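Asker: Please find one structure pasted underneath; my questions will follow.
All of the numbers you see were taken from the coordinates with simple rules; none came from a lab. Small disclaimer: the values here were computed from a predicted structure and weren't measured. Cβ atoms come from the backbone with ideal geometry, glycine included; neighbour counts cover every protein chain shown.
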Amino acid sequence: MGRGALIARPLAVVAAVALALGAAPSRAAAQAGDATAGKAVYERRCAGCHGEKGDGKGPAADLLVPKPRDFTMGLYKIRTTANKVPTDQDLFRIITDGMPGTSMPAWAVLTERERWNVLAYIKTFAGEKLKEAPKKVELPKDVPSSEASIKRGKEMFEAIECHKCHGTDGRGDGPSRAELKDEWGNPIAPANLTKRWTFRGGASRTEVATRLANGVLGTPMPAFLDSVEKPEDIWHLTNFIQSLGPDSPHYATLVTVTAVTGAIPDDPNAEFWKKLTPNNIPLMGQVIVDPRNFNPAIDLVAVRAAYNDQAIVFHLTWDDPTQSADEPAKKLFADAIALQFPPQITAGPERPYFLMGDGSDAVYLLRWENGKGVSEASANGPGKIAAIAGGEARGNAVFTNGQYRLVITRPLVSKDATRPTFTPAVFVPVAFQAWDGGAGETGTRMSVTSWYYLRLEEPQSNRRFVIPPVVAILTLAAMLVVVRIAKGRA
Amino acid sequence: MRRALTAVVAVALVAGVVFVAHRPDQAGAQGGGTIEAAVTFAGAPVIEKLKVNKDTEKCGTETAIEKVVVGPNKGLAYAVVSVAGAKGAATAKKATIDQHGCKFVPHVQAMTPGEVEIKNSDDILHNIHTYSTANASINKAQPKFKKVMTEKFEKPEIIKVTCDVHSWMLGWVAVMPHPFFGVTDANGATRIENVPPGKYSVEVWHETLGKQTKEVEVKAGQTAKVAIEMKK
């Protein structure tokens, strides 16, 4: 009798007991998790946020928005079922893929077995509440996307008043937004439908249609399956929502500044800007100095830029559900955005500290603030910002349906050493900071980026239209000469 | 002994017949009695007013969350009075929730287990979002073209009804295991009829002020008055 027999015996006993109790084998053997084994995984990996008791009150919970799930309620946002109870597959998928736009990461680092085990343990927190058998939701027959379907989806979007929460253009800025609370009484934001990659339950057509059909449990998002004019409207709505934005933000690594010979419009809605490709830059919460911003409101700024012989012009687009100016009594502050550059552009990898510089190296800030416009400043850290006298920059902003569009114009060449001069074909470090004053962001409570690079493309001269034909003609002539000489010899 | 019993029954019958003859509207068909409840609250009303930022043509520019509504003589409105433990013919009492003027009408009502009709008279989007434990909670959109929906509240409990689109909207539906209940009017009064004779404890529930009970004896064909003062 070796070690194998020692292990085999308890296994046999377990199997016998299971058989004796008439335990039916679950759908797939690999899916029957072991809650006892799952407990160890849970305590190591999950309890920090979800709490030891599974009540969503782990030590990190206070800092998180949205709050970690309280497993004791047995209420799950993302489910493919018509009733309250999610399938095990629904839960497994969230554990495996995480939830975009939240603090829930993808737990692919755990083995599949560990994930099934932890799932089994998580279910024990809800006890009887998850006893009911899950009942799959039946979606209407799929309608592929087409122009007509998107048009019908838009009509339905308006008829069923999605805009009440999600906003006219789908940016999550509807009039009911500020009132929304989840089942636990926490404020909850409606999804920004133009940023599909942040959808908690996934961005695929089937996933979007499922959320529409059976709602998002524990949140204000209701079920619409019985509340559209015709069942297939669920798919028309899905196709319309998919048309509101790209599937991915396609983040940029380099901001290219287009060379222009004529005037550059300072109207943020000008056709000129629509023709330029946006460089999407992701922003993160500032969590280095107090007060920190763990849940930044602004997560992306789309940057377009152009220059001519006089000026460099930046066009910034970002979503902000609330337009706000300075009203400290109401805990509201001015919405703002800033571009940050080193004061002098030097070759080499040395750059000032990305968070507004430090004592030894200053940065130059080009900042726009709602109600005040554009200003220029020199900073030696977030607490040491000094306005630069004789500002040469100006701005023009519009706010429509939860989105700012801003144009900032500045001379290409600077008058002094506190602000940079922009030169074509040079890689210029650039960073961004943004504040959603309506969400209480001000000072160091902001969104930031690290350094990116910006490059002014070389001016396009007419020589590129002249030189190649000249070269071609010369080559042709040379060939003819060669041919003639060859013929003469023959 | 038997003779005495016969005599009592005979007297009771005669009395009953006489009573029926005199007050035909009150005597229960099954020989039940009536409870007249008067619910009062000595404190001040709690009504939160707030500005409306959308759908003002339907909801008005200002609305009120009526947490404690006190009428004349301290009468407390919207209290559910029920006769705990009463058993009788299962006369179903249905409920209809109307969403009208961005309010649930009535604000508080009671029903026996079964179907509930949900109307949208506002021509704008509402969503029926219920908070319950025994019954499955509901969160269904009711766009303007969906005038009526039917849902089921099958298990006794008190269900909170909200609308996330208009967060001030608040309604309550008390699902009762028996048909012996009433909701107090603006004067704090309600009548519960056809209650089988017996000793009961009358239970009062109010959304903000909680629960209270009071003993009452119901005699066939008679009206038992019960006064209950709610306290914070």
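Asker: Can you give the helix-only mean residue ellipticity at 222 nm for the protein assembly as shown, where every DSSP H stretch with n ≥ 4 adds -39500 (n - 2.57) and the sum goes over all residues, rounded to the nearest 500 deg cm²/dmol?
Answerer: -6500 deg cm²/dmol
Asker: Rounded if a/c is under 1.5, else prolate if a/b is larger than b/c, else oblate: which is segment B:30-230, with a ≥ b ≥ c the root eigenvalues of its Cα gyration tensor?
Answerer: Here segment B:30-230 falls in the oblate category.
Asker: Which loop trypsin sites (Lys or Arg not before Pro) in segment A:78-149, with loop taken from DSSP, have no more than 10 other Cβ atoms within 10 angstrom of their Cβ?
Answerer: A:LYS131, A:LYS141
Asker: Further, regarding this structure: Taking the Cα centre of chain A as origin, sum charge times position over the Cβ atoms of Lys and Arg (+1) and Asp and Glu (-1), and report the length of that vector in debye to the nearest 20.
Answerer: That gives chain A a dipole magnitude of about 1460 debye.
Asker: When the Karplus curve 6.51 cos²θ - 1.76 cosθ + 1.60 is applied with θ = phi - 60°, which whole-Hz ³J(HN,Hα) does each residue of segment A:382-397 get, with x for Gly and Pro?
Answerer: Residue by residue, segment A:382-397 yields x, x, 10, 10, 10, 5, 9, 5, x, x, 10, 9, 9, x, 8, 10 Hz.
Asker: Can you work out the PRE-style zone for A:VAL426? Point 7 Å along Cα to Cβ, and I want the residues of segment A:362-397 with backbone N under 18 Å.
Answerer: Once the point is set 7 Å along Cα→Cβ of A:VAL426, A:362-366 turn out to lie under 18 Å by backbone N, inside segment A:362-397.
Asker: Here is a follow-up. Take the alpha carbon gyration tensor of segment A:30-130, find the square roots of its eigenvalues, order them as a ≥ b ≥ c, and report rounded if a/c is under 1.5; if not, report prolate when a/b exceeds b/c, else oblate.
Answerer: Note, shape of segment A:30-130 comes out rounded.
Asker: Search the structure for amide H atoms under 5 Å from the amide H of A:ASP320, placed 1.01 Å from N in the peptide plane, and list their residues when 5 or more places away or on another chain.
Answerer: For A:ASP320, whose amide H was placed from the backbone, the distant partners under 5 Å are A:GLN403, A:TYR404.
Asker: What whole-number distance in Å separates the alpha-carbon centres of segment A:328-347 and segment B:193-232?
Answerer: Going from one Cα centre to the other spans 66 Å.
Asker: So what are the three principal axis dimensions of segment A:147-242 from its Cα atoms, in whole Å, longest to shortest?
Answerer: 39, 26, 22
Asker: To test your reading of the geometry: what angle, between 0 and 90 degrees and rounded to tens, separates the Cα axis of helix A:35-45 from the longest principal axis of chain A?
Answerer: 30 degrees
Asker: Mind running the shape call on segment A:251-340? Use the C-alpha gyration tensor, a ≥ b ≥ c as the square roots of the eigenvalues: rounded below 1.5 for a/c, prolate if a/b tops b/c, oblate otherwise.
Answerer: prolate
Asker: Calculate how many DSSP beta bridges within chain B are antiparallel, expressed in % of all such bridges and rounded to the nearest 5.
Answerer: Counting DSSP beta bridges with both partners in chain B, the antiparallel share is about 75 percent.
Asker: For chain A, give the share of DSSP beta bridges that are antiparallel, in percent and rounded to the nearest 5; count only bridges with both residues there.
Answerer: Taking every DSSP beta bridge with both residues in chain A, the antiparallel ones total about 90 percent.
Asker: For chain B, can you list the cysteines whose C-beta has no other cysteine C-beta under 4.7 Å from it?
Answerer: B:CYS163 - these cysteines have no disulfide-compatible partner (Cβ-Cβ under 4.7 Å) in chain B.
Asker: Moving on. Rounded to two decimals, what is Rg over Rh for segment A:337-478 when you use alpha-carbon atoms and the Kirkwood radius?
Answerer: Over the Cα atoms of segment A:337-478, Rg/Rh equals 1.15.
Asker: Using the basic label-point model (7 angstrom from Cα toward the beta carbon), what is the B:LYS94 to A:VAL481 distance in nanometres?
Answerer: Simple spin-label model gives 10.3 nm for this pair.
Asker: Picking from A:PRO249, A:ALA148, A:GLY38, whose Cα lies most toward the positive end of the charge dipole for the protein assembly as shown (charges on Cβ: Lys, Arg +1; Asp, Glu -1)?
Answerer: In the protein assembly as shown, that residue is A:GLY38.
Asker: Using only alpha carbon pairs under 8 Å that are at least six residues apart, calculate the relative contact order of chain A and give it in whole percent.
Answerer: Relative contact order here is 12 percent.
Asker: For segment A:82-135 and segment A:141-179, what is the separation of their Cα centres, given in Å?
Answerer: Going from one Cα centre to the other spans 29 Å.
Asker: Taking H placed 1.01 Å from N in the peptide plane, check which residues at least 5 places from A:LEU454 or on another chain put their amide H under 5 Å from its amide H.
Answerer: Correct list: A:VAL255, A:VAL428, A:VAL430.
Asker: Be a star and scan segment A:240-271 for residues whose amide nitrogen sits under 15 Å from the point 7 Å along the Cα-to-Cβ vector of A:GLU457.
Answerer: Hits in segment A:240-271 for A:GLU457 at 15 Å: A:254-262.
Asker: Averaging over every viewing direction, what projected area does the convex hull of the Cα atoms of the protein assembly as shown cover, in nm²?
Answerer: With the hull built on Cα positions only, its mean projection is 57.0 nm².
Asker: Taking the Cα atoms only, what angle lies between the long axis of helix A:88-97 and the longest principal axis of chain A, rounded to 10 degrees?
Answerer: The angle comes out near 30 degrees.
Asker: Using the Cα atoms of segment A:254-459 to build a convex hull, what is its mean projected area in square nanometres?
Answerer: It is 10.9 nm².
Asker: Along the Cα→Cβ direction, 7 angstrom out, place labels at A:THR322 and B:LYS49. What is the inter-label distance in nm?
Answerer: Those two pseudo-labels are separated by 2.4 nm.
Asker: Something else: Report, in whole Å, the centroid distance computed from the Cα atoms of segment A:204-278 and segment B:146-189.
Answerer: Using only Cα atoms, the two centres lie 39 Å from each other.
Asker: Given the options B:THR61, B:ILE228, B:GLN109, identify the residue whose Cα lies farthest towards the positive end of the charge dipole of segment B:30-230 (+1 on Cβ of Lys, Arg; -1 on Cβ of Asp, Glu).
Answerer: Of B:THR61, B:ILE228, B:GLN109, it is B:GLN109.
Asker: With angles folded into 0 to 90 degrees, how steeply does helix B:2-22 sit against the dominant principal axis of chain B? Use alpha carbons for both and round to 10.
Answerer: Between the helix axis and the principal axis of chain B, the angle is about 50 degrees.
Asker: Another one. Let me know the charge dipole size of segment B:30-230 about its Cα centre in debye, to the nearest 20, where only the beta-carbon of Lys, Arg (+1) and Asp, Glu (-1) is charged.
Answerer: Charge dipole of segment B:30-230: 160 debye, to the nearest 20.
Asker: With a point put 7 Å past each Cα toward its Cβ, work out how far B:ALA64 is from B:THR150 in nm, to one decimal.
Answerer: 3.6 nm
Asker: In whole Hz, with x marking every Gly and Pro, tabulate ³J(HN,Hα) for segment A:137-145 from phi via Karplus 6.51 cos²θ - 1.76 cosθ + 1.60, θ = phi - 60°.
Answerer: 7, 9, 7, x, 4, 4, 10, x, 5
Asker: Summarise the partner chain shielding of A:214-227 as one whole number: the mean count of Cβ atoms from other chains within 10 Å of each residue's Cβ.
Answerer: Neighbouring Cβ atoms belonging to other protein chains average 5 per residue here.
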